[in-house]
Amino acid sequence: MPDRFWDNITKEDIRELPLLAFDGSIHVVESSDHLDSAIHALRKEKILGFDTEKKPTFRKGEYNPTAMIQLSSIDTAYLFRLNKIGYPKPLFDLMGNSEVTKLGISIDDDIKELEKLSTFSPSGFMDVNDIAKDIGVKHIGVKKLAAIFLKQRISKGQQTSNWEIEELTPGQKKYAATDAWICLRIYNEMKKNGFLNND
């Protein structure tokens, strides 16, 4: 039997942990020129980390569509800027490809928002929160799961920044890549430590 995970986690515990961020290659896809090569690379992967970002709203009734889809392998992240490239069919075909698993955290709303943008049938998605709950984790969410399984913390400082800005800042790129990649890292750590017996 694997060791039990550290589950009695507090905000104070998390603040004491070392900071973790993605340190692989980050590719920003904001023109059709780079789309095909990015999709070609991602289709070779069996499992990817997934997340999305949208410009925050500060007034009642405001709505902003999803501005970016992030997909990451263990060492390479792709940031698809939908506000610049629109909703390309090859990208949404990948969102409906059951042969490529997309791991995210609290992804129901992300998927619903994407369905507003393009007609596609989501397939191959797995929510790491659900996986964690199935193995008995009480504290879910990306910050807590990173702390429980990786013994590290991630920054959410860029979460409410402007994701429709003309050029993403280095901090935004790092944050966006980390948010997708961390899902894969947590899942891999669960698997490595024997928590996913049926996987």
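Using modelled backbone amide H atoms (1.01 Å from N, in-plane), which distant-in-sequence or interchain residues come within less than 5 Å of Met68's amide H?
The list, which skips near neighbours in sequence, is Glu53, Leu82.
If you add up the charges near Asp75, with Lys and Arg at +1 and Asp and Glu at -1, over every other residue whose beta carbon is less than 14 angstrom from its beta carbon, what do you get?
Summing Lys and Arg as +1 and Asp and Glu as -1 gives 0.
Take the Cα atoms of region 107-199, find their three principal axes, and give me the spread along each one in whole Å, biggest first.
44, 34, 20
Which of the aspartates and glutamates could a cross-linker span from Lys156 if the Cα-Cα distance has to be under 15 Å and same-chain partners fewer than 8 positions apart are dropped?
Partners found: Asp51, Glu53, Asp179.
Which of Ile111, Gln159, Leu35 sits farthest toward the positive end of the charge dipole of the chain, with +1 on the Cβ of Lys and Arg and -1 on the Cβ of Asp and Glu?
Gln159
Calculate the radius of gyration of the Cα atoms of the chain to one decimal place, then report Dmax, the largest Cα-Cα distance, as a whole number, both in Å.
16.6, 51
Which of Lys11/Lys60; Lys102/Lys133; Lys133/Lys192; Lys102/Lys144; Lys102/Lys143 have a Cα-Cα distance over 27 Å?
Among Lys11/Lys60; Lys102/Lys133; Lys133/Lys192; Lys102/Lys144; Lys102/Lys143, the Cα-Cα distance tops 27 Å for Lys11/Lys60.
For a quick check: sort Thr119, Thr178 by the number of other beta carbons within 10 angstrom, fewest at the front.
Ascending Cβ contact count within 10 Å gives the list Thr119, Thr178.
For region 46-111, calculate the relative contact order in percent as a whole number, restricting contacts to Cα pairs under 8 Å that are 6 or more residues apart.
Reported as a whole number, the value is 38 percent.
Could you tell me the relative contact order of region 11-192? Use alpha-carbon pairs under 8 Å, at least six residues apart, and round to a whole percent.
Rounded, it is 32 percent for region 11-192.
Which loop-located chymotrypsin sites (Phe, Trp or Tyr not before Pro) does region 12-116 contain, where loop means any DSSP state but H, G, I, E or B and the Cβ has at most 14 other Cβ atoms within 10 Å?
Filter output for region 12-116: Phe58, Tyr63.
May I ask you to list the chymotrypsin sites (Phe, Trp or Tyr not before Pro) in region 153-199 that are in a DSSP loop and have at most 16 other Cβ atoms within 10 Å of their Cβ?
Here no loop site has a sparse enough neighbourhood.
Read the figures in this text as sums done on the coordinates, not as results from a lab. All figures in this text were calculated on a predicted structure; none of them were measured in a lab. Note: ideal-geometry Cβ built from the backbone for every residue, glycine included; neighbour counts use all protein chains shown.
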